[in-house]
Amino acid sequence: MASILSPMNAILLSALSGLLLTAGFPKPAMFYLSWAALVPLLYAVQRKTGKQAFALGYICGLAHCLTCLLWIYHAIYHYGGFSPAVSFLILLMLCCIMAVYPAVFALLAQKCEFRPLLYVFGLPFAWVALEWARAHAISGFPWANLGYTQAPLNQLIQIADITGVYGLSWLVVLGNTVISGFIRNFCRRSGVAVLSACIVCALLYGFWRSEQIRGLQDRTVALNVGVIQGNIAQNEKWDPAFEAETISTYGSISLECVKQEPVPDILVWPESAMPFFYGVDENLSPQVDSIVRQAGKPLLFGSIGVIPVEGKARLLNRAYLLDQGARLVGAYAKQHLVPFGEYVPWSNILFFVHHIAAGSIDFIPGTNPGPLLFEGPPLGVLICYEAIFPQIARETVRRGAQVLMNITNDAWYGDTGGPYQHLQIARWRAIEFRVPLVRAANTGISAVFDATGQECGRLALNTRGFLTCSVHPMSYLSFYAEYGDLFAWFCVFATLCALIFKIVHMRIIRPPANAPSLVMDSDHRQVMKG
């Protein structure tokens with residue numbers, strides 16, 4: 001079958017799609033481009049073979065991942081102890097895996113080329129199914145889901161409390177397939193009608209739901225939260241020479257915070273704010289306790305924990321909750337660790353990683369997802385990139401958490417898009433589970449969101465200071481909290497059914513090997529061949 005585009009033009013269009021996909025994420029956060037980002041790829045795969053379509057989708061995926069996830073290179077190169085070449089190679093290896101998903105999508109688009117209904121209305125389901133697979137395969141990495149690009153449209157994304165981010169991914173891909181279908185004269189009227197109806201319904205739901213949730217929030221007792229951003233450079237954070245200075249920094253900002261109005265009911269420090277073994281180090285731990293007693297407020301903060309496992313000391317990435325008298329009332333250990341950052345997957349095979357990686361990567365995961373309890377509302381803790389996994393937030397909310405606390409250290413990412421993307425993703429957990437989310441980041445961006453995703457305030461990247469906001473704890477379970485990824489599961493089921501139907505249909509109608517076949521000529525007319 002002849003191709004509309006030359007190979008080079010098809011490659012350029014596919015790469016353009018990858019760049020447009022990235023442009024929707026911060027930075028630069030051109031969310032409106034996402035509604036047409038896949039159109040060049042869909043045009044490029046027209047009248048291609050399956051292998052060609054897969055290759056073009058792979059090029060799109062590589063272009064997208066290499067540009068969107070460039071912050072990974074920054075972290076590996078600056079803090080992993082690797083050379084620029086090795087750091088880029090590690091990033092490339094991850095992107096080569098991630099690019100498989102857009103490649104499969106492009107292949108499915110090629111298979112639906114002459115089935116307008118499947119093309120326009122079926123491909124959005126396939127995209128969501130692939131995003132869901134990426135979120136769960138191996139360790140899972142649901143970082144750049146397409147729906148996250150629509151974060152600036154707060155009313156539109158309120159449907160996340162039903163569908164999660166997958167509902168917005170579906171809607172954005174539907175916009176792309178409708179535009180592509182319009183170009184190809186596929187389901188023009190029905191496509192535009194369905195897309196318009198979905199957008200209008202989502203917006204109407206968003207306005208209604210936002211008002212309803214605000215009404216529920218107004219009936220609850222506010223909790224004033226003081227977020228402390230120490231802005232400790234990553235290359236100083238674990239240097240023993242800076243330990244005293246780090247403690248002093250957090251102490252002075254905290255004591256200043258409790259003198260201001262509104263007076264915080266609880267203070268929050270970031271992940272690993274105290275770079276020592278709290279409760280074990282007999283010299284430094286009392287200094288933290290002293291700060292808490294002076295402030296007279298409970299404190300949630302991050303530090304490294306250590307426990308014996310089979311006679312060997314193992315590390316935990318922990319959050320500690322102290323009451324105003326500096327008594328330990330709760331602790332949470334990070335459940336979803338960062339592969340190759342906090343542990344080595346398949347360590348019996350990749351044993352050499354321990355020898356070439358800088359720092360310790362011998363952490364073990366926590367096992368208790370329950371919220372932390374004190375005299376205030378139950379606090380659900382998400383440490384670092386646990387915030388990108390909705391199932392972790394869902395579990396703690398279902399166990400009674402009324403406020404989500406995301407403590408993180410994004411100093412690894414520098415001034416790249418990483419901190420902005422991470423903040424954007426974390427915000428969705430507030431909308432999905434209808435609880436406020438408090439985010440304390442070492443170098444920023446710290447922020448507080450209410451249960452509709454509205455921002456109370458933020459501390460800019462690479463700044464030092466404090467932020468006090470009033471949040472309204474919520475004990476309301478959203479549809480998404482109750483039923484989880486039901487919409488994503490439906491997309492997976494629908495995609496599998498379509499694939500099975502196509503395979504069975506092809507076997508039933510497959511003509512004999514010597515039979516003539518119908519193909520399309522250059523004017524899209526059916527002609528006999530053979």
Taking into account only those residues within the range 114-157 that are in contact with a helix residue (DSSP H, G or I) (Cβ under 7 Å, 6 or more places away or on another chain) and charged (D, E, K, R), which is surrounded by the fewest Cβ atoms within 10 Å (Cβ to Cβ)?
Arg134
Restricting to the range 396-434, name every residue that is surrounded by 24 or more Cβ atoms within 10 Å (Cβ to Cβ), assigned to a helix (DSSP H, G or I) and hydroxyl-bearing (Ser, Thr, Tyr).
Thr396
Quick one: would you say Gly206 is touching a helix residue (DSSP H, G or I) at 6+ places or on another chain (Cβ under 9 Å) and assigned by TED's automatic domain parsing to the domain that holds Gly414?
no
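Residues are listed down the side, and each one gets a yes or a no for (1) at pLDDT 90 or above; (2) in contact with a strand residue (DSSP E or B) (Cβ under 6 Å, 6 or more places away or on another chain); (3) assigned to a loop (DSSP other than H, G, I, E, B):
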site	(1), (2), (3)
Leu216	yes, no, no
Thr220	yes, no, yes
Ile232	yes, no, yes
Asn235	no, no, no
Pro262	yes, yes, yes
State whether one or more residues within the range 485-494 are among the acidic types (Asp, Glu), within 18 Å of the chain's Cα centre (by Cα) and at pLDDT 95 or above.
yes
Meets criteria (at pLDDT 95 or above, surrounded by fewer than 23 Cβ atoms within 10 Å (Cβ to Cβ) and of a type outside the set (Gly, Ala, Ser)) for Val173:
no
Check off (1) more than 30 Å from Phe114 (Cβ to Cβ); (2) assigned to a helix (DSSP H, G or I) for Gly81 and give me the number that stays unchecked.
(2)
Check the range 162-175 and report whether any residue there is of a type outside the set (Lys, Arg) and in contact with a Lys or Arg (Cβ under 8 Å, 6 or more places away or on another chain).
no
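This table checks each residue for (1) in a loop (DSSP other than H, G, I, E, B); (2) within 27 Å of Glu375 (Cα to Cα).
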position: Glu245; (1), (2): no, no
position: Lys297; (1), (2): yes, yes
position: Ser303; (1), (2): no, yes
position: Arg318; (1), (2): no, yes
position: Ala326; (1), (2): yes, yes
position: Val329; (1), (2): no, yes
position: Gly341; (1), (2): yes, no
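Rundown of residues vs (1) among the polar types (S, T, N, Q); (2) out of contact with any Cys (no Cβ under 9 Å at 6 or more places or on another chain); (3) under 30 Å from Pro116 (Cα atoms); (4) without any contact (Cβ under 8 Å) to a residue 24 or more places away in the chain, yes/no style:
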site: Phe449; (1), (2), (3), (4): no, no, no, yes
site: Thr468; (1), (2), (3), (4): yes, no, no, no
site: Phe493; (1), (2), (3), (4): no, yes, yes, yes
site: Ile500; (1), (2), (3), (4): no, yes, yes, yes
For the range 239-255, pairs from a residue that is assigned by TED's automatic domain parsing to the domain that holds Asp265 and touching a residue at least 60 places away in the same chain (Cβ under 8 Å) to a residue that is of a type in the set (Lys, Arg) and not in a helix (DSSP H, G or I), with Cβ under 9 Å and 6 or more apart or across chains, are Thr249/Arg464; Ile253/Arg464; Ser254/Lys297
What are the pairs, 6+ residues apart or on separate chains, where a residue within the range 75-101 that is on the phi > 0 side of the Ramachandran plot and aliphatic (A, V, I, L, M) has its Cβ under 7 Å from a residue that is exposed (fewer than 14 other Cβ atoms within 10 Å of the Cβ) and at pLDDT below 95?
none
Residue by residue through the range 12-32, note down the ones that are surrounded by fewer than 17 Cβ atoms within 10 Å (Cβ to Cβ) and either free of Cβ contacts under 8 Å to residues at least 40 places away in the same chain or assigned to a helix (DSSP H, G or I) (or both).
Leu12, Pro28, Met30, Tyr32
Residues within the range 369-390 that are within 25 Å of Ala144 (Cα to Cα) and among the small types (Gly, Ala, Ser), tallied:
2
Does the range 447-477 hold any residues that are in contact with a helix residue (DSSP H, G or I) (Cβ under 9 Å, 6 or more places away or on another chain), of a type in the set (Gly, Ala, Ser) and within 17 Å of Ala426 (Cα to Cα), and which are they?
Ala447, Ala451, Gly453
Determine whether the range 38-45 contains at least one residue that is in a helix (DSSP H, G or I), of a type in the set (Phe, Trp, Tyr) and in contact with a Lys or Arg (Cβ under 9 Å, 6 or more places away or on another chain).
yes
Can you name the condition, by its number, that Gly457 falls short on among (1) closer than 26 Å to Pro270 by Cβ; (2) at pLDDT 95 or above?
(2)
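The values are calculated or read from the model by the stated rules, or taken from the named source; none is laboratory data. Computed from a predicted model, the values in this text were never measured in an experiment. As a convention, Cβ positions derive from the backbone with ideal geometry for all residues, glycine included, and neighbour counts pool all protein chains shown.
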